[in-house]
Amino acid sequence: MSLATVRVSPGFEQYLPQEYYDLVKDSQFVSPRKVSEMGSFKELIEEHPMCAGCAMTLFIRTMYVALPSPENTVFVGTAGCGRLVLSQGAVPFIYGNYGDTNAVASGLKRGLGIRFADKPKDVIVAAGDGGLADIGFSMVMHSWFRKEKFTTVMLDNEVYGNTGGQESGMTQKGMVLKMAPNGKKFEKMDMIGLAKTAGVAYIARVVPTNPNRVAATIQKAVLIAREIGPTFVQAYTSCNIEYAIPTPKVMDDAREVENARYQFTEYFSDDAKEYWDNIVVEKRKIKGSATVE
Ligand SMILES: Cc1ncc(C[n+]2csc(CCOP(=O)(O)OP(=O)(O)O)c2C)c(N)n1
Ligand code: SF4
C-alpha cells in the first residue's frame, strides 16, 4: 500500500464514510502520532473480536501507533489470537501457515526489496509464542541466522490461548493449565539468549505496562531491521482467560510479572548500536535547530 492508495480522490469526500475520511485525514497515515494521542485520532485498528481486557490487544494497538511508516509496512501473522486483531487493522496483513511466518516474511521482504528498490518496506512478523518458539521455531532461527531484515514480535502469553490452554515452550516450568493438568515439566525457553546466539541485531523484552516504552521499542526494532538486520521483540501479553486473571486485574498482573521476571531488557549488536546512536544524534540536531520548528 502507498499513501496514494488511501488518499481520497477530489470530489469523492462526500461519498466516503466518516470513518474512512478520518483515517486518511487524521491518522498516522497522515503524520506520525504519539502514544499519548491515542484516542484523539483515527487509529489503524478500532474494533477487534478478542477477549475483553486481553493485554495482547493493548500491545498490538500500541505497536500500530508506533509504526514509523504504516503505509509501507506489511504484517505477517498466523493462527493464534493476535491475528484476530492484525487481520482487521488498516495495514496490509498476510496470513502465513502456522509455523511458516518467518519463511513467508523472508520471501516477502526480499521480494518487496526488488519490486520497490527505491523505498524501504518494513515487514513485521507478529505471532504467538506457540507459533514462534514451538511450531515455527526452525523458521524463526533460520531467518535470524540468515540475517533477514525484518522484525519478529512474539506475543508471549505463555500458552496456546487460541486453542484452549496447551503449554508452550514459553510457559513457565510447573504451570498447570487446562491442557497441561500435571504442570509443565520443562523451563521456559530462553528465546532472547537464542536470538543473541543467532546474531539478531536488536533484541528487547517488554511488558505493556509502559506504552511509550513499547512504542519506542517497536520503532527501534523496525528501523534497525530496515537497515541493519533481524530484530526480535518478546512481549508479555497475558492471556486472562487461560490464566484466569480477572479483567480489571490484567494490568496488575502485568506489573507483577514485569517486576518479578520480565524486566525491560534491550540488546544491540555493535552495528545496530552505531546506527541507532546516529539516529538519536540526528533527531537531537533537528530538535535543537533554530530553523526547524
Ligand atoms: C499447522 C497448524 N497446526 C496447528 C494449528 C492449530 N492452532 C491454531 S492456533 C494454535 C495455537 C496458538 O497458540 P500461540 O501461537 O501461542 O498463540 P495464542 O493463541 O496463544 O496467541 C494452534 C496450535 C493450526 N492452525 N495450524
Ligand atoms: S484467549 Fe487469551 S490471548 Fe486469546 S484473546 Fe482471549 S485473553 Fe487474549
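Taking residues in region 155-176 that are free of Cβ contacts under 8 Å to residues at least 60 places away in the same chain and more than 16 Å from I241 (Cα to Cα), and partners anywhere that are hydrophobic (A, V, I, L, M, F, W, C) and outside any loop (DSSP other than H, G, I, E, B), the pairs with Cβ atoms closer than 6 Å and at least 6 places apart or on different chains are G169/A133; M170/A133. The set of residues from region 199-219 being part of a helix (DSSP H, G or I) and closer than 11 Å to T152 by Cα comprises just one member, I218. Residues in region 220-263 that are within 16 Å of ligand 1 (Cβ to nearest atom) and part of a loop (DSSP other than H, G, I, E, B): T237, S238, C239, N240, I241, E242, Y243, A244, I245. When Q14 is tested against (1) without any contact (Cβ under 8 Å) to a residue 40 or more places away in the chain; (2) surrounded by 17 or more Cβ atoms within 10 Å (Cβ to Cβ); (3) outside any loop (DSSP other than H, G, I, E, B); (4) not hydroxyl-bearing (S, T, Y), only condition (2) is not met. Restricting Y98, Y64 to those that are hydroxyl-bearing (S, T, Y), assigned to a loop (DSSP other than H, G, I, E, B) and in contact (Cβ under 8 Å) with a residue 12 or more places away in the chain reduces the list to Y98.
Each residue in region 159-174 was checked for being near ligand 2 (Cβ under 10 Å from one of its atoms) and in contact with a helix residue (DSSP H, G or I) (Cβ under 9 Å, 6 or more places away or on another chain), and 5 of them qualify.
With respect to I279, determine if the residue is away from ligand 2 (no atom under 16 Å from the Cβ), closer than 24 Å to K109 by Cα and modelled with pLDDT under 95. Judged against the criteria, I279 is a match. Scanning region 44-60 for residues that are assigned to a helix (DSSP H, G or I), closer than 11 Å to V85 by Cα, out of contact with any Gly (no Cβ under 8 Å at 6 or more places or on another chain) and near ligand 2 (Cβ under 10 Å from one of its atoms) turns up just one, T57. The residues of region 73-95 that are surrounded by fewer than 20 Cβ atoms within 10 Å (Cβ to Cβ) and in a helix (DSSP H, G or I) amount to a single one, L84. Within region 218-275, the only residue that satisfies the criterion of being hydrophobic (A, V, I, L, M, F, W, C), within 16 Å of ligand 2 (Cβ to nearest atom) and farther than 25 Å from G183 by Cβ is M251.
Checked against (1) more than 22 Å from A225 (Cβ to Cβ); (2) crowded, with 17+ Cβ neighbours inside 10 Å, M63 passes all but condition (1). Scanning region 111-148 for residues that are more than 13 Å from ligand 1 (Cβ to nearest atom) and among the aliphatic types (A, V, I, L, M), we see that the one that is modelled with the lowest pLDDT is A117.
Tell me yes or no: at least one residue of region 71-78 is farther than 25 Å from A216 by Cβ and aromatic (F, W, Y).
Filtering region 71-78 down to residues farther than 25 Å from A216 by Cβ leaves 78.
If we keep only those that are aromatic (F, W, Y) as well, we get none.
For region 71-78, residues farther than 25 Å from A216 by Cβ and aromatic (F, W, Y): absent.
Scanning region 149-181 for residues that are assigned to a strand (DSSP E or B) and either surrounded by fewer than 17 Cβ atoms within 10 Å (Cβ to Cβ) or within 16 Å of ligand 1 (Cβ to nearest atom) (or both) yields a total of 9.
Please work out if K184 is within 16 Å of ligand 1 (Cβ to nearest atom), part of a loop (DSSP other than H, G, I, E, B), touching a residue at least 12 places away in the same chain (Cβ under 8 Å) and basic (K, R).
On the way: within 16 Å of ligand 1 (Cβ to nearest atom): yes; part of a loop (DSSP other than H, G, I, E, B): yes; touching a residue at least 12 places away in the same chain (Cβ under 8 Å): yes; basic (K, R): yes.
Answer is yes for this residue.
Filter region 47-60 down to the residues that are touching a residue at least 40 places away in the same chain (Cβ under 8 Å) and either away from ligand 1 (no atom under 15 Å from the Cβ) or farther than 27 Å from A225 by Cα (or both) and list them by number. Of everything in region 47-60, those that are touching a residue at least 40 places away in the same chain (Cβ under 8 Å) and either away from ligand 1 (no atom under 15 Å from the Cβ) or farther than 27 Å from A225 by Cα (or both) turn out to be E47, H48, C51, A52, G53, C54.
The values are calculated or read from the model by the stated rules, or taken from the named source; none is laboratory data. Nothing here was measured: the structure is a model prediction, and the numbers come from that model. A quick note on method: Cβ atoms are made from the backbone with ideal geometry, for glycine too, and the neighbour counts reach across all protein chains shown.
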